[in-house]
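Step one of this worksheet: look at the structure below.
The values are calculated or read from the model by the stated rules, or taken from the named source; none is laboratory data. Small disclaimer: the values here were computed from a predicted structure and weren't measured. Here Cβ is always computed from backbone atoms with ideal geometry, including for glycine, and neighbour counts include all displayed protein chains.
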Amino acid sequence: MKKELACLVIHGIGRQTPGFADGLVAGVSAQLETLGHDPEVLAWQSVYWDDILRPAQDAYLEAAYQAADLRARGLRTLLLNALGDAVGYRQLPSGRRRGGEETMTYRRIHARVREAVGALYHEPLAGRAVPLVALAHSFGGHILSNYIWDSQHRPDKRLSSFERMNWLSGFITFGCNIPLFTFACTEVMPIRFPPPRLPARLKPHARWLNFFDPDDVLGWPLKPINAAYADVVHSDERINVGGPVTGWTPASHLAYWDDKRFARRVADFLDTLL
């Protein structure tokens, strides 16, 4: 079936498997059917990067737990994964390149994003450019924001317009913590959204939607960062995700993936593009 819309999904902090987005894809597909769409018109592609940072983190955790009687191991592991991912990636936020260095890890993770976008373009889309929606969880929002920034300010002319993110019609961030990476900067600028080269017919429908659960301590609104973010982020949308237990705790940070209410909100936006 001819694909009408492309969806790129990237995970955030915490241990992940290559199938991390399966629950979200299934949930959004089911909701699209209720809206009268055949979910087969969507081309999905995930960006899996956890294996780049996991080996070093796991090696240290194993050695540390053998060497010392440490308490709260579950929380310690979560914090080490979260902080380790951020420090390992280590790049200044979009808009502040001076004085910062791109680490090898930064380049390796961005290479995964580039490969995923290329896979979308060359395989299910067969070289056809269609509207692209990027869905980014947690730290993945920071990664994808940097990737889009680089594509807009240092475009690789060897890539197609689609692969240079010029067809980005939707940016859905959830449990996003971009604000945490802005405080060391004297000048913080977001990506250009909608992209300047987005076809004119798509610009009226383009949206950056940021979802956050108020119990998710790692998910934050983006508009308060500054006036520039307030201008490009269409809305910070409060949502409750998770079950009767996890939904009221910081564990809600990981609950977006399988939450039917979040899947419905995503499907509602995709409906506007379809």
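Out of Phe212, Phe262, which single residue is farther than 21 Å from Leu5 by Cα and touching a residue at least 12 places away in the same chain (Cβ under 8 Å)?
Checking each option against the conditions leaves just Phe212.
Of all residues in segment 40-53, exactly one satisfies the criterion of being among the charged types (D, E, K, R) and either surrounded by 14 or more Cβ atoms within 10 Å (Cβ to Cβ) or within 15 Å of the chain's Cα centre (by Cα) (or both), namely Asp50.
All of Leu159, Leu270 fail the test of being of a type in the set (A, V, I, L, M), surrounded by 16 or more Cβ atoms within 10 Å (Cβ to Cβ) and touching a strand residue (DSSP E or B) at 6+ places or on another chain (Cβ under 9 Å), apart from Leu270.
Would a scan of segment 89-100 turn up a residue that is surrounded by fewer than 17 Cβ atoms within 10 Å (Cβ to Cβ) and modelled with pLDDT of 80 or more? No: segment 89-100 contains no residue that is surrounded by fewer than 17 Cβ atoms within 10 Å (Cβ to Cβ) and modelled with pLDDT of 80 or more.
Looking only at residues of segment 120-140 that are in contact with a Gly (Cβ under 7 Å, 6 or more places away or on another chain) and part of a helix (DSSP H, G or I), we find that the one that is farthest from Ala6 (Cα to Cα) is Phe139. For first residues located in segment 70-86 and under 19 Å from Leu53 (Cβ atoms), partners that are polar (S, T, N, Q) and lie 6+ apart or on another chain with Cβ distances below 8 Å form the pairs Leu80/Gln57; Asn81/Gln57; Gly84/Gln57. Residues of segment 251-263 being among the acidic types (Asp, Glu) and either part of a helix (DSSP H, G or I) or surrounded by fewer than 21 Cβ atoms within 10 Å (Cβ to Cβ) (or both), which ones? Selection gives Asp258 alone. Of all residues in segment 105-128, which are surrounded by 15 or more Cβ atoms within 10 Å (Cβ to Cβ), aliphatic (A, V, I, L, M) and closer than 16 Å to Ile148 by Cβ? Result: Ile109, Val113, Ala116, Val117, Leu120.
Condition check ((1) of a type in the set (Val, Ile, Thr); (2) modelled with pLDDT of 95 or more; (3) crowded, with 21+ Cβ neighbours inside 10 Å) across all residues:
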| site | (1), (2), (3) |
| --- | --- |
| Glu4 | no, yes, no |
| Ile13 | yes, no, yes |
| Gln31 | no, yes, yes |
| Thr34 | yes, yes, no |
| Asp38 | no, yes, no |
| Pro55 | no, no, no |
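For the structure I just gave you, tell me whether Ala184 is over 30 Å from Gly242 (Cβ atoms), more than 19 Å from the chain's Cα centre (by Cα) and free of Cβ contacts under 8 Å to residues at least 24 places away in the same chain. Considered against the rule, which asks whether it is over 30 Å from Gly242 (Cβ atoms), more than 19 Å from the chain's Cα centre (by Cα) and free of Cβ contacts under 8 Å to residues at least 24 places away in the same chain, Ala184 comes out as no.
Here Arg201, Arg197 are screened, and the one residue that is touching a Lys or Arg at 6+ places or on another chain (Cβ under 9 Å) and farther than 25 Å from Asp259 by Cβ is Arg197.
Has segment 220-227 got at least one residue that is touching a Gly at 6+ places or on another chain (Cβ under 9 Å) and either surrounded by 22 or more Cβ atoms within 10 Å (Cβ to Cβ) or free of Cβ contacts under 8 Å to residues at least 12 places away in the same chain (or both)? Checking segment 220-227: at least one residue is touching a Gly at 6+ places or on another chain (Cβ under 9 Å) and either surrounded by 22 or more Cβ atoms within 10 Å (Cβ to Cβ) or free of Cβ contacts under 8 Å to residues at least 12 places away in the same chain (or both). If Leu202 satisfies all but one of (1) under 17 Å from the mean Cα position of the chain (by Cα); (2) crowded, with 16+ Cβ neighbours inside 10 Å, what's the number of the condition it fails? Every condition holds for Leu202 apart from (1).
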